[in-house]
Every structure is written in C-alpha cells, then in structure tokens.
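One structure below.
Throughout, read-outs are computed from the coordinates displayed, never taken from laboratory work. All of these numbers come straight from a predicted model, not from anything done at the bench. Every residue, glycine as well, gets a Cβ built from its backbone with ideal geometry; the counts of neighbours run over all protein chains shown.
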4 protein chains.
Amino acid sequence: MNSFGDRIRFTVFGTSHGVAVGCTLDGLPAGFKPDLDAVRFELSRRSPRASSESTSRQEDDEFEILSGLFNGCTDGAPICAVFKNKNADPADYKAGTVRPSHADYTAYVKYSGCNDPRGGGMFSGRMTAPIVFAGALIKQLLACEGISIRSHIANVGGIIDDPFVPTCCSVPELDPFFPLVNSGKKPLFEALFDEVRSCGDSIGGTVECLISGVPVGIGEPFFDSIESVLSHILFSIPGVHGVEFGAGFSLASMRGSEANDAILAGGKTSTNNSGGINGGISNGMPIIFRCVFRPVPSIAAEQDSIDIETGKAVKVRLSGRHDACILPRGCAVIEAAAAIAVYDLFTRGGNAHE
Amino acid sequence: MNSFGDRIRFTVFGTSHGVAVGCTLDGLPAGFKPDLDAVRFELSRRSPRASSESTSRQEDDEFEILSGLFNGCTDGAPICAVFKNKNADPADYKAGTVRPSHADYTAYVKYSGCNDPRGGGMFSGRMTAPIVFAGALIKQLLACEGISIRSHIANVGGIIDDPFVPTCCSVPELDPFFPLVNSGKKPLFEALFDEVRSCGDSIGGTVECLISGVPVGIGEPFFDSIESVLSHILFSIPGVHGVEFGAGFSLASMRGSEANDAILAGGKTSTNNSGGINGGISNGMPIIFRCVFRPVPSIAAEQDSIDIETGKAVKVRLSGRHDACILPRGCAVIEAAAAIAVYDLFTRGGNAHE
Amino acid sequence: MNSFGDRIRFTVFGTSHGVAVGCTLDGLPAGFKPDLDAVRFELSRRSPRASSESTSRQEDDEFEILSGLFNGCTDGAPICAVFKNKNADPADYKAGTVRPSHADYTAYVKYSGCNDPRGGGMFSGRMTAPIVFAGALIKQLLACEGISIRSHIANVGGIIDDPFVPTCCSVPELDPFFPLVNSGKKPLFEALFDEVRSCGDSIGGTVECLISGVPVGIGEPFFDSIESVLSHILFSIPGVHGVEFGAGFSLASMRGSEANDAILAGGKTSTNNSGGINGGISNGMPIIFRCVFRPVPSIAAEQDSIDIETGKAVKVRLSGRHDACILPRGCAVIEAAAAIAVYDLFTRGGNAHE
Amino acid sequence: MNSFGDRIRFTVFGTSHGVAVGCTLDGLPAGFKPDLDAVRFELSRRSPRASSESTSRQEDDEFEILSGLFNGCTDGAPICAVFKNKNADPADYKAGTVRPSHADYTAYVKYSGCNDPRGGGMFSGRMTAPIVFAGALIKQLLACEGISIRSHIANVGGIIDDPFVPTCCSVPELDPFFPLVNSGKKPLFEALFDEVRSCGDSIGGTVECLISGVPVGIGEPFFDSIESVLSHILFSIPGVHGVEFGAGFSLASMRGSEANDAILAGGKTSTNNSGGINGGISNGMPIIFRCVFRPVPSIAAEQDSIDIETGKAVKVRLSGRHDACILPRGCAVIEAAAAIAVYDLFTRGGNAHE
C-alpha cells in the first residue's frame, strides 16, 4: 500500500507525468503552526537544479495545501498537499521499451500493462517530493522535542567524506545543497561528478545520517525496532539498496570485545558501534545509519533491453539529461524519510503505567 | 507492537526465562497439512548445540500447538504454538548490572524497571524460536508455489565463503547446520570460531540469502517494497545491524553503465546487481540480500558498565557459555524471517482487474 | 484515523468550508475502466437540491481526479479525487456558539480550539461526498461480481414503506432520488417533510438496505464479521445512531424456534431473520440491515447552548435552510458506505489452501 | 483477522473443542498490577452455571498466563492467556448436519470443510472467555482513569427493566449475575426463562450499557468514531444483531426540536439522546448503547436442515442442555468488549500540540 506509519499515517499518490503527485498526512497534533518557508527550503534541496549535478528537467515543486491547516495551524484534519505536474515531456521515454534497472518491466507485468509508464509513473523519483514535504513538517515537530536529523554525502566512488563523530550529538551546520562534514572535499566530489556526467554515465554513493536528541526508550519490540521502521521507509526511496546502523557491515569482522559499547555513568556509552540502538530501542546516543544509493539507471549509453509488447530484444538509448549522482539531492530525501519514521516511533512514547 | 504482516499476522509473546515463549500465526489458508517433522528440523538448526560453536545452555525447542490444526490440517483459526521454558538459570545474569550492548539498559528505561530482565526478557534470542517455527510452516507453503529460500555464512572476520551465483535460481544443497557454498572452507571457519571461543570472545558475520521462484510482480509501491518488508522483519532479529540487496553497498562505487542489468529476451537479466528487485517489485531473477550480525555481546571479558539502580559505574563479567558466532544458527532464523515476509507479499499477489 | 479498510484503504480529507474535501482510494485493481458519469449520477443523489426536501445551500459536487487513472483506466496508483469548496458562506454559523447535538463542542475540546469550526469542519455532512464517490466506483466493481446494493426509506416518523422481501435477491428498480419500495407512499412522506419544514424543524428516519449476490463465505472471524465491518463504516456517517441486521431488535422478543432460519436443500433458508449472515459470514441469502438517522440537528427554533469561549449560557438560533429529512439523500451515502465495506471483505475472499 | 485494536492489539485463538482457547493482549503499559481475582470473578459472570438459566455443560474457565506478567505486574511483553478445554463432548453435535442459524454452514463453505466443526469451532461462544479475560484487565485500567462500565438486562420478550438514567453518571450496584436496574423484576424474567426452558426453546433480549467517566474529546474522525469502534467489537460477539446509541432507533420518529440535547453551562446536556457522543466524539455525558442478542439457536425442537456433505434435506434435533437466554451471561461479555474498545480509543487521547 502507499501508506506508512502507525501513529501517523502518510499516504502518497500520483505519477510522474499525470495530473499531480501529492500526499495526505494524518495524525499530526492540532495547533501546530508550520513554517511553510522552511518546507519550501527543504523542497529546494531535493529539487533538480540546472547547471548542477542534477537533471535539468524543469520540475515544479510548488505545492497547494488542500486540507489540514486553519488560520495557519494544523486543525486536526489530515493535511493534503498537491504538487501539480508541469512541463512534463513524455517524449523523453520511448514507449514499449523498458529501461534496464528501472521499474518499467516489473510495473508492466504487475499491472498487466495498465500502469502509467511515463517517466516511471508511480515509481518515479518525483514521488519523493511529498516525502520531503511531510518530512519538513515533521522535522519542525521533532525540533520542538530537541530532535534533529543531519546527513551528508559519505562516499561516492571511493571519495570519502569525514564521518560524523558517532558519540557526538552536536553536528555542525553543513551546506544544505552539498552536505559534507569536510567541506574542503567538495572539489573532489564535483570533479568526479563532472567526469561521470561527461561520459553520460552516473554513479552511486553512500549517505550517512545522524539523529540526535532521541530520548532513551523509543522503539518497540519485537517487530517495530527503530531499525525496522527506519529501514522500512528508507528502502521505499527509489535507488536505496542497503541500510546499516552503527558499525554496520564492518561488524562482520569485529570481535565482541571490540564491538561492545562500554556504558558510562549516566548511561552514555564510550563508543557507538550500536548506532544508538540496543534491542531495537534508543539508548540515548546519536542514532547513526548509512544507506547506499545505486547509480541513477538513466544513462546515455546504449543498453540491451526488450520491447515489452513484442518481447523482442532491442537497444535502448535514453535522451534527456539526468543526474550524474543523486546524492546531493538524496540527502534531503533521506532526512525527510528518517524524520517521518522517527516521529512515528517517538509519538508511541514510553510504555509505563503511571 | 509484537506483530508482523498484512495478509498474515504473526505475533510473538513471552520472555526468555518466563513461563513460555510462543506465537500466533493468523491468515494461513485452511486445508494445508504441515509437515511438523520438517518444522522440528528447522528448529534444530536454530537450537544451541553442546560441543559446537553455540551456547551449551540447554534450551527446549519442543512446541505445543494449542490452536489452528484439526485432523492435522490448518482449520482457518490462528495457529498458536507455545515453547515452554525449561532449565532456565536466572543466576547467569547479575541483577542490577546492565550488560553492554544488550537491551538491558534500554528496556529498563522504557518500561520503568518493570520489564523481565532475566536473560534479556523479551529481547532474548530465545524469541527467534517462534520465528523459526512460523517460517518453517510458511516455507512449506512457499514450496508449493515453487519458491525456495537458502542462506549461507558469507563472511566471518574476513573468511569469505563463495557467493551464490546471483543469476542462478538453482542452489545446491548446503549443510543445514553449517551452510557454506564452498564446504571446503568449513575448517577455516571452525578454526576461527575455536580461537574466538578460547578467548571468551565472540565475532560477527554476514549471511547471504537467495530466494528463488518469486514470480514477476510481487511487492507493493510505495512503502511496501520487497526491500522494505524484508528489511523490516530482518532488523527485528536480535543482532542484525545491516541489510543490503543485490550489489548492495558496493553500488557506492559503481557507475550506472556497470550496475545496470541488461534485460534479455524473456525478461531475465544478464547480471543481477538489482538483487531481483526493480522499483520494489520482483523482476523474476533471484532475490538476493545479505545481512550482518554483530558479535554476540555476551563475552567473558570484564567490561565497564553501570548498576541500573544506583547509576554508578561497575565492572561486569558474564559467566555461562555463549555463542562464539551466531551465524550457523542465525541462518535458520534469517531464512524463516525471509519466508514470513515473502509470503506476506506473495499473497497480496498481482493487482490487475480481470 | 481518517482511513478505512484492510484490502483497500480509503482516506478522506478536508473540511466543509476549507479549500476542498477529497479522498484517496488505494488498492483497487489496475485495468478497471470506471463509468464516471455513473459516479456523477450517484453524487447527484447525495447532492442537496433546491426546492426539494434538502438544504438549498449550493454545494458543488464536481470532482477532479488527480491520480489513479491512465487512459481512463485504473493504473494501480491510488485514486485521489478532490471536490473544491465553492460558495461557502461561513457567516451562516455564529462563531463562539456551539450548536446543540453537533460536533462543535466536542471538536473544540478535542482540538483545543484549533479545529476549523466553519460548517462543522471535518464533521460536516460534506465529507460524505468523497464517500459517495468511492462507493460509486466500487459499486461498479461489485456489479462485475454480481453484487448489487439497494436501499430505501423505510420509516420516517411512523410512516412506513413496505420492507424489502428478505429472502428475495432481485430488487425492483426504485426512484434513485426518493427510493421507496411502495412508491405510492411518496405523497405521505412528502407531506410529512413539508409539515416538518414549515415548522423549521427536522425529523429522523430509518433506511433499509439489501445487498444481493454476495457468495457464501465472505466475512472474517473473529473481529471482522460482516456486521462489524459494515457497522464500523455506517456509524462513521454523520447522524447514524443505530444499525441492525436481519430481524434486528425485534429478536429481543423472538424465540429460537421462531428466529431460526430453516435450511433448505442447496443452502438457502426459508426465512432470513439472520440477515444473510451466520457467525459473521455470508450465507448466500441477501444481506439486510437497517440504520437510523437522527433528525438533522440544524433547526430554526431557538435552543439553549453555551458560548464556547466564555462558557456562559446563550441562546442559539440557526439561520440558513437545512434538510427537513436527510433520508432521500442519505440512501446514496448508506449504499456507498456499504459498497466500500463489502468490497473490502469480498476481496479477502475465501480462505482455503488449493 | 482475529485481532482487534489500534493502540492495543487483542488477538483470540482456539476452538471450542480443540486443545484450548486463549488470547494475546499487546500494548498494555508496563507496571500495572492486575487483580487476578477480579478477573476470575468477571469470568464467573460469563460462565455457564448448572441449575440456572444457562447451559449445564461443564466448561472450565481457569486460565494460565504464559506471558506478560513479571512479579505480578505487566512487564511490557504481550499478555498471553490460555484456557484449556476440558470435558468436551463432541458427541453433542451430529457431524454432517449443519445447525440452523449457526455458523456451521458458512464455516464449512468458507474453509472448504477443513474447519473444526465441533461445538461451533472458532465461532463458539467459548471464544468470549478470552474477551472477558481481557476486558476484566482493562476495566481495572479504566477504573484508574475514573471510567466505569455497567450493563443490565433491558428487555427480554417484552419484559422490560427500568432503563439507566441517561444523564446520570453514577450507576447503583447491580447483581453481577443477573443485572437489573429494578431488581424487583427478577422473578418476572426468571419465570419467563423457566417457561422458555421448559419448551426446550430459547429467547433473545436487549442489553443496555452505560459507560461513565469518559472525558470530552475521545473518539476519532472520520472512521474511528466511538460508535464505529464500539459497534465493531460488539458485532463480533456471537448473537449480537443490533447496536444503537442514545435514543437509537426511536430517533426515526423524533423531531430535531425533541432530539437535540440542550447544552448547559459547563458543557453538560439536559437530555442525552446523543448517547454521550457528538460527531463520533465523547461529549462528557454517559455513553449509552443497547445491543440485541438473538435467541440462542440451539433448541430442542426438530428443525429442517441439510447434510453438508450430501446436500440433502435432513431433520436435526439437538441434544444437550443450552441457555434459555444468554443475557445474564452476555452482560459480562458486552461490558468486556466495551472496555476493550473504549480503552483503545481512550489511549489515543486528545490531539492537541502542546
């Protein structure tokens, strides 16, 4: 289903080249006055920017709120926001030919050819606009609780940013449009992106995200661990192929004596290989995860594929301009998705009889 | 909540040293005659075995089915299975002292000290017995549909088994108790486990899992992608800290031209970096994922911790015998969890109006 | 939450005098080509009509579909439909004074005064427009399965229409705008409505609904009986205060020997006091229920109330024109809600392993 | 599905003549110390009593708690309670012959004959034992919040108890085993039950229930109104065929000027035709509903039915002793179900941003 959440319910709708994409967001408290300019700013982080590393197709990220605000405050009704699609050019994509590593083939089979194939339809990255919208609202609610979410480009093609300090809750301000811990490395990334773009190719990368301020005791046994709920929404984001928490896959080579986080008086830990989570529940340390984006599958090179109707082998060559690397835009999406998941868990609160 | 699933609903209950652990499994079709010996065999794969790499504590994995079978067949009522706890020795764990990287501290805070702390309570690995039980039933239902699930120990401390062939649906039989693609490497792993055990330490590792026979079109946009639903349950398993699909984190260094899977006539792909999934939906290729287990946090070495009631720093040293490496047992749990998730998605089926 | 359904997920949003009301409807099969004129016709049945028994306020029931149709067919994405609000005149309602037996007081307290109070906000009858929209789509899907839903005005103020024949699946065509089994009684009802309207008063009534064509075996134990799921949505409709199935409340005076429905060869029953349901599951006979609407609480007479901000007693007198009796419009809403509930249960299907 | 609830999750399992019936109850706060004797007392109210108006079959209502209590307090894990079945005598029911107005026929078709038919299987009234168990726990939690639930036998065959005073929160103590507002009427009911029993027949009846102490603002738009959630669980109880709130079906003959509840300073209303609910949300007045039980369908008289396997007409005559009227026992079940529903809504709380 196109819905996420237990305490809140977040539903996305629409297709890339249809009338609109949008969302409903149910379960926010009434009386919250969102800063809509801050929402627009978050959307600008996700937006493709001409003359940058992202696609130059003109999308329109203006939203209309149809429901849920009264006198500028949440009124208890679900928020419904709509992003009308403009300037869509379905000619960018050949009908009939499925693009490798896109959802064209799987969607066609799943929906017996009735799905909207233009621009990937409901599988388009365009669907992340409502995610960023909802996440931006929820970030504001989380900020009221002292919870903040930051991410950066951690690794692209072996160019590696400095990691977050996993035991440190305070994260310095990062460039919102090109978030790096070590901003001095930006030229290295840009040079790589330029080289990739000049080949008509794309490249993947890893985003690291740190969530600070989550109190001890958030997360639910047995199946709604923080990791479970976060990964659930993260793996919904187009292109995410892996998620790891704390020391992650490097734990495969660690001993318990090395991986265990010694507990200090007060409950903090000296290291944070657990990523701020024990038994699926927050331990008061920063929650840290990394997720990997595959390279954007839209590339200029000719590829082997099939015509979906005839089943015959064809060559496909995609025109249009596409992201060389999705990560600068993707950080905003990761943060928004994380905000939605954390808020849903946070509002379940503790579990003690008073 | 302690429930998982949409079409099926799987609920676990109990604590490690309480009366019992168990589960209810609702939503299976009526008229299915499970092979309970096969279920017991799967449980034996999860069971700690004396004189092996696992804990020598005697657990009892005998189950009683209270509901859901009539004349040996499912009868439409929820299946309820109970595993009584025997031979529990709560003296193994010091009351008051929280064990590093366990859930002792987080559970204490979440439940204001009312949780059952013995043996990790509801956060214990003991809870995986009902998961394997349910997964073993469901594996049989999946087998009727031509779907099979296999896993192996892929990497422990840099000792690396041969990978599954990602484009090949047929997996050779593996040793169920020590699954390796290249069984010749078993002595290397055993030697490592012996060395780790001799130090009173533990070590993590990576499991690789291959699911074959899933037809094209399984998985749901936008939030119930195969990756989302699989990772949700996988991250519920104690100790899992990372999940990746297809080429996973290595995609951070791949170009689109390298990562894209060329589509061949008939819909198969020449490579399988996508892990059998495009847009969250199965594409007919094997579904491949890897997940990492952290080292078991119960080790013999003295560790820094706190007394939960006084808040003061203490040293903790755990007696008892524990798993040097959970992976040989963990494979059965991973497969069971994957079976539950895949079945839940599979039974949603396609989505076309006929 | 503002969502209903398990196999489908139907969400409503908006407020009476805000930008719009609307809905998302997720889970319909792809490839279904709805007759949108039939949808508009159903909406016209719900619409207030000048110079009739209903309010003369001009509402606008034109909808825009933002998502979910491609080439006129469902495409697998959620359907999102929006009804923009026009001609809203918030001056109709005094701010500060809560109207007796409306949700003004409860909503104010629940949302700490942040709710949109104009026209009842999210508690307005206006919210039934998206219900009729969704129900009209789903009626078409049910018709493909041979399932039809009919209702009539059964009782208003002691004027009683002939009942449906509870053992008869075929229902004659009724006037869609004033559905009566015995159309000869229409003048009696109209005279009553005129009398009530002339007093500036309103009157309640009972709707009877018959659902034919539901195969044996629909409905789920233990908590998703047909009665449970139908009543859940029916009691969401503003003004519904009672729901009964089959012989309903008259069973309080019946003996088992009288109430039991003898089973005939083939499975049909000779009577239908059970209302087509045994053990919460359809038995193949028509499903019959009745529900009662309270009188519309908006009346011309001066009433005792309070000012919500000062808490002081005030007199309230409502201007504007309101429905003397909601039933002629309400039948369309009842049928739509029933369609949504029955479809949600129908698509769970039987439960046998094949 | 066999689960109910949003904030809590209550699941029942088992069949009448299988190994056991039982339940899991997830989501209660940790640290609550239930009075298990009070739970047993509530179960005794539901229990059949020899030499009384109920069936003389010996059931056993002793429960074992497998999970969820530690040191006598809830520990955060789901509560699992099991009622083993004893003294089951499947010979009471003829195999092959379906009993009129039972679920025998519908269950057989739904589950293709694989269901457990003994004693009604999972459709048996036996399933209400876990409902009363859970309701009894939850009544204690509600009592901590000042919420109490009372019911009485309102009407059986035209013998009518005095109603609750709908505007009065304080309900006098009633006989828990034969609850009547006017206990002087007990002989009239008993005489009727004796007469019905002497005929080997049964009779239906209406239960009235009053819930006091619910604060203003409980209940959720649009689909989780108090009426929706209460009726959902009430219609799951075997034999319930109608539910009405406040003035209920009598509203069909009331004018708005009569039905509207004038609001007094402080928010109370002078009458309570709304049953304590406006717009689906509690208004601070007592919540009042009535529900009707059909006559128990197990009667001594010979009835027309069919043999389910041959499809041929047969005569069925049920041996054994059955309830002449379920109401004295049914009151405990209605109260328990209401407690579960109200608690689930209550724990969603208000909805204001603080």
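Please list, ordered by chain and number, the residues whose modelled amide H lies under 5 Å from the amide H of A:ILE306; skip anything fewer than 5 residues away on the same chain.
Hits under the 5 Å cutoff: A:VAL98, A:VAL314.
Residue-wise, which Karplus ³J(HN,Hα) couplings in Hz belong to segment C:300-305, taking 6.51 cos²θ - 1.76 cosθ + 1.60, θ = phi - 60°, and x for glycine or proline?
In residue order, the calculated couplings are 7, 5, 5, 10, 7, 7 Hz.
When only Cα pairs under 8 Å and 6 or more residues apart are kept, what is the percent relative contact order across chain A?
Relative contact order for chain A comes out at 22 percent.
Taking each pair of different alpha-carbon atoms in the protein assembly as shown once, compute 1/r for the pair, average those values, and report the inverse of that mean as the Kirkwood hydrodynamic radius in Å to one decimal.
Across the protein assembly as shown, the inverse of the average 1/r is 32.6 Å.
Give the separation of the Cα centroids, segment C:291-339 to segment C:224-285, in Å.
Distance between centres, Cα-based: 29 Å.
Counting only C-alpha contacts under 8 Å and six or more residues apart, can you give the relative contact order of segment C:147-247 as a whole percent?
Values: 94 pairs, mean separation 34.1, N = 101.
That works out to 34 percent.
Can you list the residues, at least 5 places off or on another chain, whose amide H is less than 5 Å from the amide H of D:ILE277, using H built in the peptide plane?
D:ASN283
Evaluate peptide D:3-12: per residue, the Cβ atoms of other protein chains within 10 Å of its Cβ; return the mean as an integer.
5
Could you list, in their original order, any pairs among B:LYS139/C:LYS139; B:LYS33/D:LYS84; C:LYS268/D:LYS86; A:LYS84/C:LYS33; C:LYS139/D:LYS110; A:LYS139/A:LYS268 whose Cα atoms are separated by more than 28 Å? Mind showing how you got there, number by number?
Numbers: B:LYS139/C:LYS139 38 Å; B:LYS33/D:LYS84 23 Å; C:LYS268/D:LYS86 35 Å; A:LYS84/C:LYS33 24 Å; C:LYS139/D:LYS110 23 Å; A:LYS139/A:LYS268 25 Å.
Over 28 Å Cα-Cα: B:LYS139/C:LYS139; C:LYS268/D:LYS86.
If each of D:ALA301 and A:LYS86 carries a label point 7 Å out from its Cα toward its Cβ, how far apart are those two points in nm?
About 7.5 nm separates the two model spin labels.
Kindly provide the GluC sites (Glu not before Pro) of segment D:114-210 that DSSP labels as loop, not H, G, I, E or B, and whose Cβ sees at most 16 other Cβ atoms within 10 Å.
Listed in order of number, the matching sites are D:GLU145, D:GLU173.
Suppose only helical runs count, i.e. DSSP H with n ≥ 4. What mean residue ellipticity at 222 nm does that imply for the protein assembly as shown under -39500 (n - 2.57) per run, divided by all residues and rounded to the nearest 500 deg cm²/dmol?
So the calculated ellipticity at 222 nm is -7000 deg cm²/dmol.
May I ask for the Kirkwood hydrodynamic radius of segment A:226-354, worked out over all distinct Cα pairs and given in angstroms to one decimal?
Working: mean 1/r = 0.0556 Å⁻¹.
For segment A:226-354, the Kirkwood estimate is 18.0 Å.
For every other residue with a beta carbon closer than 14 angstrom to the beta carbon of A:GLY242, add +1 if it is Lys or Arg and -1 if Asp or Glu, then tell me the sum.
-3
If I require 20 Å or longer along the helix axis, counting alpha carbons, and a Kyte-Doolittle average no lower than 0.0, what helices from chain D are left? Use full DSSP H segments.
Length and hydropathy pass: D:128-144, D:327-346.
For D:GLY146, which inter-copy label distances result when the label point lies 7 Å beyond Cα on the Cα-to-Cβ vector, reported in nm to one decimal and in ascending order?
3.1, 5.7, 6.5
Taking every residue in B:18-26, how many Cβ atoms of other protein chains lie within 10 Å of its Cβ, on average?
The per-residue average across the peptide is 6.
About its Cα centre, what dipole magnitude does segment D:3-346 give when the only charges are +1 on Lys and Arg Cβ and -1 on Asp and Glu Cβ, stated in debye to the nearest 20?
In total the dipole reaches around 380 debye.
Please list 3J(HN,Hα) in residue order for segment C:264-273, calculated via the Karplus relation 6.51 cos²θ - 1.76 cosθ + 1.60 where θ = phi - 60°; whole Hz, with x for glycine and proline.
These are the phi-based 3J(HN,Hα) values: 9, 3, x, x, 5, 10, 6, 10, 9, 5 Hz.
Under a cut-off of 19 Å between alpha-carbon atoms, report the aspartates and glutamates in cross-link reach of B:LYS185, not counting same-chain residues fewer than 8 places apart.
Counting by Cα, and skipping residues close in sequence, B:LYS185 has these aspartates and glutamates nearby: B:GLU53, B:ASP161, B:ASP162, B:GLU173, B:ASP175, B:ASP194, B:GLU195, B:GLU208.
What nm distance separates the two modelled labels at B:GLU64 and D:LYS185, each placed 7 Å from Cα along Cα→Cβ?
4.5
Once the piece of chain linking D:ILE160 and D:PHE177 is laid out straight, how much longer is it, given 0.36 nm per residue of separation minus the C-alpha distance between them?
Using 0.36 nm per residue and subtracting the Cα-Cα distance, I get 4.4 nm.
At each listed q (0.13, 0.18 Å⁻¹), what is the log10 of I(q)/I(0) that the Debye formula gives for segment C:162-248 modelled as equal alpha-carbon point scatterers?
One equal scatterer on each Cα of segment C:162-248 leads to -0.62, -1.05.
When the Debye formula is applied to the Cα atoms of chain C, each taken as the same point scatterer, what base-10 log of I(q)/I(0) results at q = 0.09, 0.10 Å⁻¹?
-0.52, -0.64
Can you tell me the FRET efficiency between C:SER250 and C:GLU309 if r is taken as the Cβ-Cβ distance and R0 is 51 Å, rounded to the nearest 0.05?
0.65
Picking from C:LYS185, C:LYS110, C:LYS315, which is most flexible by a Gaussian network model of chain C using Cα springs under 10 Å?
Among C:LYS185, C:LYS110, C:LYS315, the largest GNM mean-square fluctuation belongs to C:LYS110.
For segment C:171-205 and segment B:125-188, what is the centre-to-centre distance using only Cα atoms, to the nearest Å?
What the calculation gives is 69 Å, centre to centre.
Using a Cα-Cα cut-off of under 16 Å, which aspartates and glutamates could be cross-linked to D:LYS315, ignoring same-chain neighbours fewer than 8 residues away?
List returned: C:ASP261, D:ASP92, D:ASP104, D:GLU302, D:ASP304, D:ASP307.
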